[in-house]
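What follows is calculated from the coordinates using simple rules that are stated; it is not laboratory data. Worth saying up front: this structure is predicted, and the values here are computed from it rather than measured. Cβ coordinates were reconstructed from backbone atoms using ideal geometry, including for glycine residues, and neighbour counts include every protein chain displayed.
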Amino acid sequence: MEYFLGIDGGGTNTNAAVCDDTGEIILTASGKTINFYSVGMEEARFNLSCLIERVRKVCPDGKTFDGVFIGCSALDGDADEETLNALCGGIVCSKAIGMSSDVYVALRASNSNCVAICGTGSMVIGERNDGSIAVKGGWGHTVGDEGSAYSIAVNALKRCCIMHDRGEKTPLLRSAEDFFGVSDFREAIDKIYGTYSSKDAVARFAKNVAELAENGCEVSRRIISDEARAFGETVITLLKEIDGSPMLMLYGGVFQHNEYFTEEFMKKVREAYPLQNSMLLNIPPEVGAARIARSLYYHGKA
């Protein structure tokens, strides 16, 4: 019996799935991010190692997978040999191994030619008619990732700074104070640049913004609408490049848990593609990665 490991390494969490030679998923597991740009290569390797240990027991000898494919949010495309070895060397033992972006494995998990992801980060991927791949967004939280949980949270916190300086005690500002556990928002400075300085820690505040928007907070609704429409523009650019998509697949925590964001996003997309259909990705990307690993072993290609 052959075993194949697929990994989806997002900006906050990493998920794994193992399938057998029939393609049946027999085990899933979760761990921390392997995005080496966010946490550094040493921590990314440690997180990967911990996850591998959880799933390795399904292999007959306890050590070797017949095929492994990793989707990693630190990548924009296929990993070169140096990057692959830097992350996986001495950790992943397999007869066939490959690594690409996390959006690539999401695309392979779908039955569509286009997948948009909004989680901790954001990116969209599409397949052209000739089979080649196009990507937009994915510039990272420092200069891009519009529509992501991180971008929503940061822009909301920037607004909180302005409201605090103006003496405006709003629902958004009170929510931020509760989030950081302070009675005055200025006291949050140490936490913002200390214990809450990581990308995933900041991104968690996006849930508060979403809840406020659902409850009618106009400031929160404007922030989310602006982010949704900005990412919508990115997706429109890609759709034009791949000559449209019968079904736009959506994945990531922002799409899954923020209904108002999804509504505003699709309004923007339909300005250019009035009949565009969309749905949430119903097959986890790690399953797509396991399928790629199986194909890599049997056919020598991802």
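What the table shows:
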{"read-out": "Ascending count of other beta-carbon atoms within 10 Å, so fewest first, for Met247, Met266", "value": "Met247, Met266"}
{"read-out": "The chain - mean residue ellipticity at 222 nm from DSSP helices (-39,500 (n - 2.57) per run, n ≥ 4, rounded to 500)", "value": "-14000 deg cm²/dmol"}
{"read-out": "Spatial separation of Cα centroids for segment 120-134 and segment 7-44, in angstrom", "value": "21 Å"}
{"read-out": "Lys pairs under 18 Å by Cα in the chain, provided they are eight or more residues apart or on distinct chains", "value": "14"}
{"read-out": "Rounded if a/c under 1.5, otherwise prolate or oblate - segment 191-302, Cα gyration tensor axes", "value": "oblate"}
{"read-out": "Sparsely packed chymotrypsin sites (Phe, Trp or Tyr not before Pro) within segment 163-271, loop by DSSP, other Cβ within 10 Å at most 14", "value": "Tyr193"}
{"read-out": "Mean Cβ count within 10 Å, highest first, over the residues of peptides 166-174, 25-33", "value": "25-33, 166-174"}
{"read-out": "12 Å beta-carbon shell around Glu263, net charge (K/R +1, D/E -1)", "value": "+2"}
{"read-out": "Listed values (1) 16.0; (2) 20.0; (3) 19.0, entry calculated as mean projected area of the Cα convex hull in nm²", "value": "(1)"}
{"read-out": "Tilt relative to the chain, helix 171-180 - C-alpha long axis, 0 to 90 degrees, to 10", "value": "50 degrees"}
{"read-out": "Crossing angle, helix 149-166 versus the chain [Cα axis fit, 0-90 degrees, rounded to tens]", "value": "20 degrees"}
{"read-out": "Pair Thr83, Lys240: separation of 7 Å Cα→Cβ label points (nm)", "value": "2.7 nm"}
